[in-house]
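Student: Below are the structure tokens for one structure; questions will follow.
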Amino acid sequence: MKPSLAQTGSRRDFLKMGGLVGAGLVLGAPSILRAATGQSAPDAINVGFIGLGKQHEVLFNAVKNIPGLHFNAVCDIMKNRVGGAFSRIKNAFGNQPARYTDAEEMLAKEKDLDAVIVATPDFWHSRHTVWALESGKNVYCEKMMSNTLDDARAMVAAMERTGKLCQIGHQRRSNPRYLFTLNELLRRHRICGQIVNANGQWNRAVGSSQDIQVKASILPDKETLLKYGFGRPGKDLTLEELQHRFLNWRFYKDLSGGPISDLGAHQIDVFNWFFGMQPWRVMASGGRNYFKDREHFDNVMCIFDYATPDGGARAFYQVLTTTSAGGGYFESFMGIDGTINISERAAYTNIFREAGTAPSWDHLVAQGYLKRSAAPKAAADSSDAIASYESAAPETYELPGGLSKPPHQPHLENFFEAIRGKAKLNCDARHALESEAPIYWVNPAAESGQTIIFDTEHLHV
Ligand SMILES: NC(=O)c1ccc[n+]([C@@H]2O[C@H](COP(=O)([O-])OP(=O)(O)OC[C@H]3O[C@@H](n4cnc5c(N)ncnc54)[C@H](O)[C@@H]3O)[C@@H](O)[C@H]2O)c1
């Protein structure tokens, strides 16, 4: 089963890769240069936001750098967040967005909206996205598409039925460092050779995994929380319990897929995107070892197997909420000639060449595709090495440049350029679900202790 995840979007016009620009290898002028040449401002796109919590702020900090947007409407069931977003937009742009606490009302009344950005809890994504698409808007919806596969499938169906655009917020798909690594280093120059393994993780200390608390006076009342699905059918929850579910929706099985979908969505999407296929099976283990009263596992480890054209590969992934050890969050592609550790955090990104056996990369350094970096201290110090146990110390390299924008900005730019008809989406709902579908099966594999061999029923879009 090899569905096309080939939407690699070689959009190197965002690249600010110093070495490559110097070598004249960047296709097209960077957008920042085009603006400086005095081209006219792009047509304004009318934007509305649904869900004004933490991620809204992250997205707004990216969106506010993008020219040609007009902010028409904001919506959240928390009134003070509506007021906060209104002030933020007014102060930054002078726009006075209409304020809503109900998304259906906003979508019905705001006829002029071109685009809606959805950053609500995962169990709301499908309804907000489908309603917005059906009312004629283009949608940028945060990952994970939903907490259930069926609801995610409904989003793809709505995108295809309405013909509107639906970008899913896997922002690495538009990150120039990821695009460069995939298109130039892994595919064109095959610097890693045969990739036999991938590895990825998101490790967080308990301090970053605690319950979210907000003063009760600003939270929605019981009626509102029940109206917007934070209750539990057949259970009469107290206001305190409802508020806990509202703030900590990631801990509850009916509201979220837990850490493997919340955090794992990022790295596992990169596995599937870079391998260009879905895995053929998954095995997994998880536990509630520290946060014992949470519904979801607090630690999950899983292995996906891929039938790659090079002879097969497996990818190990772990999401840990009880330690920050081991280098944060990254994806690693390990081949017989080299390894690329890539992360949204530039600091976690590094590249190793198997010095003893791999072909030389000197020509790639000379052409600006890679930079040599100093050997890591541990490898340079050989006083405790036992020669017969060890491979030759790998040489270390770096990418020749980086992203000078907030990490979500290129993905949002891609969305708005697609609305203007000037780009193809880098992660539309169909491609996103091809990649996300295996993630929905990690918790069941861990709960049952059974390997799941995927068939079309598991992974179809
Ligand atoms: N791409 C990324 O890197 C990234 C990072 C963090 C979060 N996210 C995603 O962003 C989404 C939001 O996460 P968050 O951390 O901001 O959560 P949050 O709980 O801080 O914010 C969610 C907001 O949605 C509002 N809301 C809930 N139900 C609503 C409804 N029916 N109508 C309107 N508003 C409603 C809440 O009041 C809250 O303000 C999630 O899907 C999450 O997975 C993505």
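The values are calculated or read from the model by the stated rules, or taken from the named source; none is laboratory data. Remember, predicted model here, so these are calculated numbers, not experimental data. Every residue, glycine among them, receives a Cβ derived from its backbone with ideal geometry; neighbour counts consider all protein chains shown.
Student: For the subset of the stretch 403-453 comprising residues that are part of a loop (DSSP other than H, G, I, E, B) and within 22 Å of residue 160 (Cα to Cα), which member is nearest to the ligand (Cβ to nearest atom)? Outline the logic, then answer.
Tutor: Start the filter on the stretch 403-453 by keeping residues that are part of a loop (DSSP other than H, G, I, E, B), which leaves 403-408, 420-427, 449-451.
From what is left, the residues that are within 22 Å of residue 160 (Cα to Cα) are 420-427.
On the way: 420: 23, 421: 25, 422: 23, 423: 19, 424: 20, 425: 15, 426: 13, 427: 11 Å.
Per the criteria, the residue is 427.
Student: Just to verify a result, which residue in the stretch 47-70, among those that are crowded, with 24+ Cβ neighbours inside 10 Å and not aliphatic (A, V, I, L, M), is farthest from the ligand (Cβ to nearest atom)?
Tutor: Restricting to residues being crowded, with 24+ Cβ neighbours inside 10 Å and not aliphatic (A, V, I, L, M), the top hit is 48.
Student: If you scan the stretch 337-351, which residues turn out to be more than 15 Å from residue 394 (Cα to Cα) and hydrophobic (A, V, I, L, M, F, W, C)? It would help to see each step written out before you state the result.
Tutor: Keep residues of the stretch 337-351 that are more than 15 Å from residue 394 (Cα to Cα), which gives 342-349.
Passing the criteria: 342, 346, 347.
Student: Can you name the residue in the stretch 294-338 that is aromatic (Phe, Trp, Tyr) and not in a loop (DSSP other than H, G, I, E, B) and, of all such residues, is farthest from residue 195 (Cα to Cα)?
Tutor: Going through the qualifying residues, I end up with 329.
Student: Within the stretch 81-90, is there a residue that is surrounded by fewer than 16 Cβ atoms within 10 Å (Cβ to Cβ), more than 14 Å from the ligand (Cβ to nearest atom) and modelled with pLDDT of 95 or more?
Tutor: yes
Student: Same structure again: Taking the options 403, 412, name whichever one is within 21 Å of residue 155 (Cα to Cα) and either of a type in the set (A, V, I, L, M, F, W, C) or more than 23 Å from the chain's Cα centre (by Cα) (or both).
Tutor: Unique residue meeting the criteria: 412.
Student: Output the number of residues of the stretch 157-215 satisfying the condition of being free of Cβ contacts under 8 Å to residues at least 40 places away in the same chain and among the hydroxyl-bearing types (Ser, Thr, Tyr).
Tutor: The total comes to 1.
Student: Does the stretch 199-206 include one or more residues that are closer than 30 Å to residue 354 by Cα, within 14 Å of the ligand (Cβ to nearest atom) and not basic (Lys, Arg)?
Tutor: Among the residues of the stretch 199-206, at least one is closer than 30 Å to residue 354 by Cα, within 14 Å of the ligand (Cβ to nearest atom) and not basic (Lys, Arg), which makes the answer yes.
Student: Kindly indicate which of 275, 246 is touching a Phe, Trp or Tyr at 6+ places or on another chain (Cβ under 7 Å), aromatic (Phe, Trp, Tyr) and without any contact (Cβ under 8 Å) to a residue 40 or more places away in the chain.
Tutor: 246
Student: If you take just the helices (runs of 4 or more DSSP H) that sit entirely in the stretch 192-267, which of them hold at least 2 residues that are surrounded by fewer than 20 Cβ atoms within 10 Å (Cβ to Cβ)? Spell out the reasoning first.
Tutor: Numbers: elements: 222-227, 239-247, 259-262.
Of the helices (runs of 4 or more DSSP H) lying wholly inside the stretch 192-267, those with at least 2 residues that are surrounded by fewer than 20 Cβ atoms within 10 Å (Cβ to Cβ) span 222-227, 239-247.
Student: Consider residue 277 carefully, then state whether it is among the hydrophobic types (A, V, I, L, M, F, W, C), more than 22 Å from residue 52 (Cβ to Cβ) and touching a Lys or Arg at 6+ places or on another chain (Cβ under 9 Å).
Tutor: Yes: the conditions hold for residue 277.
Student: Further, regarding this structure: Taking only pairs six or more apart or across chains, which ones have beta-carbon atoms under 6 Å, a first residue in the stretch 43-68 that is within 22 Å of residue 109 (Cα to Cα) and touching a residue at least 60 places away in the same chain (Cβ under 8 Å), and a second residue that is among the basic types (Lys, Arg) and within 16 Å of the ligand (Cβ to nearest atom)?
Tutor: Going by the 6 Å Cβ cut-off, the qualifying pairs are 52/81.
Student: Hey, another quick one. Do we have residue 77 as among the β-branched types (Val, Ile, Thr) and in a loop (DSSP other than H, G, I, E, B) here?
Tutor: On the way: among the β-branched types (Val, Ile, Thr): yes; in a loop (DSSP other than H, G, I, E, B): yes.
Yes, satisfied.
Student: Kindly evaluate residue 245 against the criterion of being among the charged types (D, E, K, R) and within 12 Å of the ligand (Cβ to nearest atom).
Tutor: When the stated conditions are applied, residue 245 passes them.
Student: Additional query: Test each condition in (1) hydrophobic (A, V, I, L, M, F, W, C); (2) within 12 Å of the ligand (Cβ to nearest atom); (3) crowded, with 24+ Cβ neighbours inside 10 Å for residue 123 and report the one that comes out false.
Tutor: So residue 123 meets the others, but not (3).
Student: Residues being of a type outside the set (Val, Ile, Thr), assigned to a helix (DSSP H, G or I) and closer than 22 Å to residue 249 by Cα: count how many of those fall in the stretch 88-130.
Tutor: Summing the residues that are of a type outside the set (Val, Ile, Thr), assigned to a helix (DSSP H, G or I) and closer than 22 Å to residue 249 by Cα in the stretch 88-130 gives 9.
Student: Looking at residue 146 and the list (1) touching a residue at least 40 places away in the same chain (Cβ under 8 Å); (2) within 16 Å of the ligand (Cβ to nearest atom); (3) not assigned by TED's automatic domain parsing to the domain that holds residue 316, which single condition is not satisfied?
Tutor: Among (1) touching a residue at least 40 places away in the same chain (Cβ under 8 Å); (2) within 16 Å of the ligand (Cβ to nearest atom); (3) not assigned by TED's automatic domain parsing to the domain that holds residue 316, the lone unmet condition for residue 146 is (1).
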